[in-house]
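Below you'll find the structure, written out as structure tokens, and then a few comments.
The values are calculated or read from the model by the stated rules, or taken from the named source; none is laboratory data. Worth saying up front: this structure is predicted, and the values here are computed from it rather than measured. Virtual Cβ from ideal backbone geometry, glycine too; neighbours counted across all protein chains shown. Areas reflect the complete protein model, heavy atoms only, side chains present, ligands, DNA and RNA absent. Shrake-Rupley method; radii C 1.70, N 1.55, O 1.52, S 1.80 Å.
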Amino acid sequence: TTRCADCCHALFDLSLVEAIYIKEKFDERFSGAEKHVILEKANRADRKTYRIKKDAAKERNEGVSEVEILGRMSMERVRCPLLGEDETCQLYEFRPLTCRLYGIPTSSNGVSHTCGKSAFAQGKPYPTVNMDALYEKLYQVSKEMVDAMETRYTRMAEMLIPLSMALLTDFNEEYLGIVSETSSTEEDKG
């Protein structure tokens, strides 16, 4: 079989629920020097992703069309920090939905997409996976999670997080804005 890691260089974001899941599985699986090496890669990938998004925001403010910006961003290459030296995913069994579906025909915003490196021919009709419906479901699960958390950040479910940032983030109570009983009691006294 031929291996392909092209999708492991694509730019995409995770829903909040996926980001927390990936981080939990990453922390369970990796420690010590091995974890440090991946976090260094995540740091580099995150800086590159930030620059790309900053440039895209600048172009949008300058009036460049969203289609043109998205087209250019789809050509950007950022190596996933979980892509090992052997060109395989180091967290494969827990990979994000986007990674699981990459390569098969998908559609989003009414436009179908086919990986040019797959055996699917460009322009031919295929049944497609409706990514909008899947992303909406991930948003709904994220929203249910946020609602159950009693966080001060009520719109946190709308966050989209690059995988590199998910690995670097400590999704603790402070980050999540969870209102603990002690902090709300102290606020009530003030």
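Values for this structure:
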{"read-out": "Yes/no for T88 being under 14 Å from C7 (Cβ atoms) and at pLDDT 90 or above", "value": "yes"}
{"read-out": "Top-ranked residue of region 96-122 - restricted to ones that are open to solvent by less than 60 Å² (accessible area, probe 1.4 Å), assigned to a loop (DSSP other than H, G, I, E, B) and within 26 Å of E136 (Cβ to Cβ), ranked as modelled with the highest pLDDT", "value": "P96"}
{"read-out": "Counted residues, region 55-94 - those being within 19 Å of the chain's Cα centre (by Cα) and touching a residue at least 24 places away in the same chain (Cβ under 8 Å)", "value": "15"}
{"read-out": "Criterion (among the acidic types (D, E), within 26 Å of E173 (Cβ to Cβ) and open to solvent by 100 Å² or more (accessible area, probe 1.4 Å)) met by exactly one of E66, E93, E28, E24", "value": "E28"}
{"read-out": "Residues located in region 136-168, provided they are hydroxyl-bearing (S, T, Y), more than 23 Å from K54 (Cβ to Cβ) and buried (at least 16 other Cβ atoms within 10 Å of the Cβ)", "value": "Y139, S142, T151"}
{"read-out": "Close pairs from region 19-40: first under 11 Å from L82 (Cα atoms), partner open to solvent by less than 60 Å² (accessible area, probe 1.4 Å) and not in a helix (DSSP H, G or I), Cβ under 6 Å, at least 6 apart", "value": "I38/P81"}
{"read-out": "Candidates E40, E28, E18 - the one that is of a type outside the set (S, T, Y) and more than 15 Å from S164 (Cβ to Cβ)", "value": "E28"}
{"read-out": "Residue selected from region 7-21 under the condition in contact with a strand residue (DSSP E or B) (Cβ under 9 Å, 6 or more places away or on another chain), farther than 24 Å from T151 by Cβ and not aliphatic (A, V, I, L, M), by the criterion surrounded by the most Cβ atoms within 10 Å (Cβ to Cβ)", "value": "C8"}
{"read-out": "Out of K48, K54, K58, sole residue that is surrounded by 15 or more Cβ atoms within 10 Å (Cβ to Cβ), outside any loop (DSSP other than H, G, I, E, B) and of a type outside the set (S, T, Y)", "value": "K48"}
